[in-house]
Amino acid sequence: MAHQRICVFAVILVWGCLASSSYHTSVAPPQDLQITDPGLLGSLDVEWKPPLNVQTFNECTVKYKFEYRNAGDRDWKVIFTRKLKFRVGFDLSRTAEAKVQTLLEGRCTDDVEVQSEWIHATFQVPLQGKLESEVKDFHCIYHDWEYLKCTWQPGLLAPRGVHYGLYYWYEGLDHAEQCDDYIQDHGINIGCMLQNLSQAEYKDLTICVNGSAAATLLRPLYVTVRLQNLAKPSPPEGLVVSVSGSEELRVTWSPPGGETPPQCLEYELQLAEDRGDAKAAWESVSTQMETAFTIPRANQSRVSCVRVRGRTNNFCADQGFWSEWTQECFSVSRKEDKQLFILVPVILSFSCSLIIFMLIGQCKKRSPAGKPLPSSVGC
């Protein structure tokens, strides 16, 4: 009995020592978390230093869990890393928030992950002017993957003589650059045309529109966009409608011009059906990546017009703008119209033959004296 008690006590002691050893293995959080602004319109540098006791964990791997977001966002963006510095994008119109903790795992923790406490940091650009002074109706379209056109309207509190400037930056530029091709209305900048942005595709493009006016502070606007999600192609080209041997309608077209990658396009095809006295209604019949479509024989007799438009497909972008519709149109007669079309020439041909026959008969008639009839007869 005493022997059993000793064994049980020994097992408890060993388990307690192991649990105590694992429980007391801890790691300090990182040090000196800082957020700084390098002047890149929302791309901020976040960096920290290793924890004080990191050198004591030679048999373990030290990593960091880094999370960041803008104030008001529900979710944090998470990065697991061994680095001590990151450049990440924020909306500078709201407070930037970041936090980081140390993760320790290996032989020194019996392969159990140990987490430190979090350390936090925030960053806020001093926002000048009232919110109503910020430009409104800001809108950008990436036309044909060739140029970006952004437009806006002056803020509600913007005074006369306001001067607006657009600045932009993306990874690869050494510093933020200013627009050099403004769109104006009565001498006020209300838009900008940006060329040669192919290097910014599939990257965060940060934009700032700020304004200045005498004795008035204006709120700047900060926006981060992805060019491929703003793309709008030109309408498809070369729309051709033909009838096949089986009397099916074959619709073909070509991708639009410009720099839009053909493999990044999808198309919507619509038909207008003639419904007698009712106004023809457009009906979408296909959304596809191919540039051809066949209308079955059973349906083609009701088609009065075809049109096609295109946009960037979901393999190349999260969203995009539809192009304008093609302008080409054609007419397809209904079956009864075809029968009438065939019948009318037959009637006309028969009538003309009868008239000609009668005229020839009159021409052969002679006067009683055997002389030809006067020329006024008209033969």
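Confirm whether Asp144 is within 27 Å of Leu44 (Cα to Cα), of a type outside the set (S, T, N, Q) and out of contact with any Leu (no Cβ under 9 Å at 6 or more places or on another chain). Please lay out each step first, then the result.
Numbers: within 27 Å of Leu44 (Cα to Cα): no; of a type outside the set (S, T, N, Q): yes; out of contact with any Leu (no Cβ under 9 Å at 6 or more places or on another chain): yes.
Here the answer is no, as Asp144 does not meet what is asked.
Has the stretch 245-252 got at least one residue that is within 28 Å of Ala317 (Cβ to Cβ) and either β-branched (Val, Ile, Thr) or more than 24 Å from the chain's Cα centre (by Cα) (or both)?
As a first pass, look at the stretch 245-252 and keep what is within 28 Å of Ala317 (Cβ to Cβ): 251-252.
Checking which are either β-branched (Val, Ile, Thr) or more than 24 Å from the chain's Cα centre (by Cα) (or both) leaves us with 251-252.
Looking for residues that are within 28 Å of Ala317 (Cβ to Cβ) and either β-branched (Val, Ile, Thr) or more than 24 Å from the chain's Cα centre (by Cα) (or both), one finds at least one in the stretch 245-252, hence yes.
Taking each residue of the stretch 176-201 that is in contact (Cβ under 8 Å) with a residue 60 or more places away in the chain and looking for partners that are part of a strand (DSSP E or B) and buried (at least 17 other Cβ atoms within 10 Å of the Cβ) with beta-carbon atoms closer than 6 Å, six or more apart or interchain, yields Ala176/Tyr167; Ala176/Trp169.
With respect to being touching a strand residue (DSSP E or B) at 6+ places or on another chain (Cβ under 6 Å) and assigned by TED's automatic domain parsing to the domain that holds Leu41, Arg107 falls outside the description.
Condition check ((1) in contact with a Gly (Cβ under 7 Å, 6 or more places away or on another chain); (2) buried (at least 16 other Cβ atoms within 10 Å of the Cβ); (3) more than 12 Å from Val209 (Cα to Cα)) across all residues:
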| residue | (1), (2), (3) |
| --- | --- |
| Leu127 | no, no, yes |
| Glu132 | yes, no, yes |
| Val135 | yes, yes, no |
| Arg160 | no, no, yes |
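The criterion of at least 1 residues that are in contact with a helix residue (DSSP H, G or I) (Cβ under 9 Å, 6 or more places away or on another chain) and within 23 Å of Asn229 (Cβ to Cβ) is met by the following strands (runs of 3 or more DSSP E) wholly inside the stretch 34-145: 136-143. For the stretch 295-348, filtering for residues that are over 30 Å from Cys140 (Cα atoms), at pLDDT 50 or above and in a loop (DSSP other than H, G, I, E, B) leaves 7. Of all positions in the stretch 200-208, at least one carries a residue that is closer than 23 Å to Trp322 by Cβ, not aliphatic (A, V, I, L, M) and not in a strand (DSSP E or B).
Only residues that are in contact with a Gly (Cβ under 6 Å, 6 or more places away or on another chain) and either within 14 Å of Trp322 (Cβ to Cβ) or assigned to a loop (DSSP other than H, G, I, E, B) (or both): list them for the stretch 224-233, please.
Initially, the stretch 224-233 is screened for residues in contact with a Gly (Cβ under 6 Å, 6 or more places away or on another chain), giving 224, 231, 233.
Ala231, Pro233 - these are the residues of the stretch 224-233 that are in contact with a Gly (Cβ under 6 Å, 6 or more places away or on another chain) and either within 14 Å of Trp322 (Cβ to Cβ) or assigned to a loop (DSSP other than H, G, I, E, B) (or both).
Among the residues of the stretch 280-288, none qualifies, meaning not one is among the aliphatic types (A, V, I, L, M) and under 29 Å from Tyr168 (Cβ atoms).
Anything in the stretch 161-170 that is outside any strand (DSSP E or B) and in contact (Cβ under 8 Å) with a residue 40 or more places away in the chain? List them, or say none.
So in the stretch 161-170, the residues outside any strand (DSSP E or B) come out as 161-162, 170.
Hits for the stretch 161-170 are Gly161, Val162.
Kindly indicate whether any position in the stretch 22-42 is crowded, with 17+ Cβ neighbours inside 10 Å, small (Gly, Ala, Ser) and at pLDDT 95 or above. No, the stretch 22-42 contains no residue that is crowded, with 17+ Cβ neighbours inside 10 Å, small (Gly, Ala, Ser) and at pLDDT 95 or above.
The values are calculated or read from the model by the stated rules, or taken from the named source; none is laboratory data. This structure is a prediction, so every number in the text was calculated from the model and none was measured. Glycine also receives a Cβ, built like all others from the backbone with ideal geometry; neighbour counts cover every protein chain displayed.
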